[in-house]
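What follows is one structure encoded as C-alpha cells, with my remarks underneath.
The values are calculated or read from the model by the stated rules, or taken from the named source; none is laboratory data. Just so you know, these numbers come straight off a predicted model, no measurement behind them. Quick reminder, even Gly has a Cβ in these numbers, built from the backbone with ideal geometry, and neighbours come from all protein chains shown.
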Amino acid sequence: MGMMTAFGQESMTQSVKPVGFYGQVINEFIFTKKASPVRNHYSIGTELGLRFQDKVFVGLYYTNSIVPTDLWRQTPNNALDMKQVHYGLSASYVQDFGGLFYGKVGLRAAYADIKQDYTITKENGTVVNKAESRTNSIALSPDLRIGAHITRWLDIEAGGTYRVNVRNHEKWGISTQDFNGWGGTLSVKAKF
C-alpha cells in the first residue's frame, strides 16, 4: 500500500499542468422509481474537456442508453425500441486526499432526446403500421465520485448520481420524468 501511495503521489506531482486535456468513458446505471413505467436502464458514453491544475474540469459529454425492448413495465403498445441520448456540458471540482485517492463533485446539464419506435397491431394480431415518437427534455445530473490514480495518465472513478428532467414532456403515455432516479457511475479517465 505504501508503494502504491508513493506511486500515486509521484504521478500526481509529475502530471499536474496549468491546463490539460482529458478524455473519459462513462458507464452509468439509473434506478427508476417503482411507480415509474420505465425500467432501470444503463447508458454508456464519452466526455472530452479541459482540466485546470487538476482541480477544475469542464467538458462536453454524450451518453446513449442501451436498453431492453421491454423497457416499459406497462404499455398499451409494443415498443420495439427505446433509446435515451444525452448531449451536454459538465463541470466538476476535485479534492485530492493525498496519494492515490481523490474526491470529485460535479454537475452535468444535458439535452435529453428519448426516441421510441412502435409497431401498432390490430386485435387479430396483424401489423397496421410502424410509428416513431420523440420526447425531449433538459436533464440535470449532480455527481459525487471517488477516484484513484492508476498511472500518471489514467484514473478510474466510481460514485453516485441523481438524474432529474427539469422540463417535463409527455407523449404516448411516457413522461420524461419517468427516467428520473438515483444511479451509479463508473468511469475511466485519460489525462493528456
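Read through the list (1) at pLDDT below 85; (2) in a loop (DSSP other than H, G, I, E, B), then give the number of the only condition that Asp54 fails.
Result: Asp54 fails condition (1) only.
Thr161: in contact with a Pro (Cβ under 7 Å, 6 or more places away or on another chain) and modelled with pLDDT of 95 or more, yes or no?
yes
Please specify each residue of the stretch 166-189 satisfying the condition of being within 13 Å of the chain's Cα centre (by Cα) and under 18 Å from Ala35 (Cβ atoms).
Result: Phe179, Asn180, Gly181, Trp182, Gly183.
Could you grab me the full set of residues in the stretch 157-192 that are among the aliphatic types (A, V, I, L, M) and part of a strand (DSSP E or B)?
Correct list: Ala158, Val164, Ile174, Leu186, Val188, Ala190.
Just checking, which of Ala158, Ala139 is over 18 Å from Lys83 (Cβ atoms), free of Cβ contacts under 8 Å to residues at least 60 places away in the same chain and of a type outside the set (Asp, Glu)?
Within the list Ala158, Ala139, the selection yields Ala158.
Considering the stretch 146-192 alone, what residues qualify as being more than 22 Å from Lys17 (Cα to Cα), among the basic types (Lys, Arg) and surrounded by fewer than 16 Cβ atoms within 10 Å (Cβ to Cβ)?
Within the stretch 146-192, Arg167, Lys171 meet the criteria.
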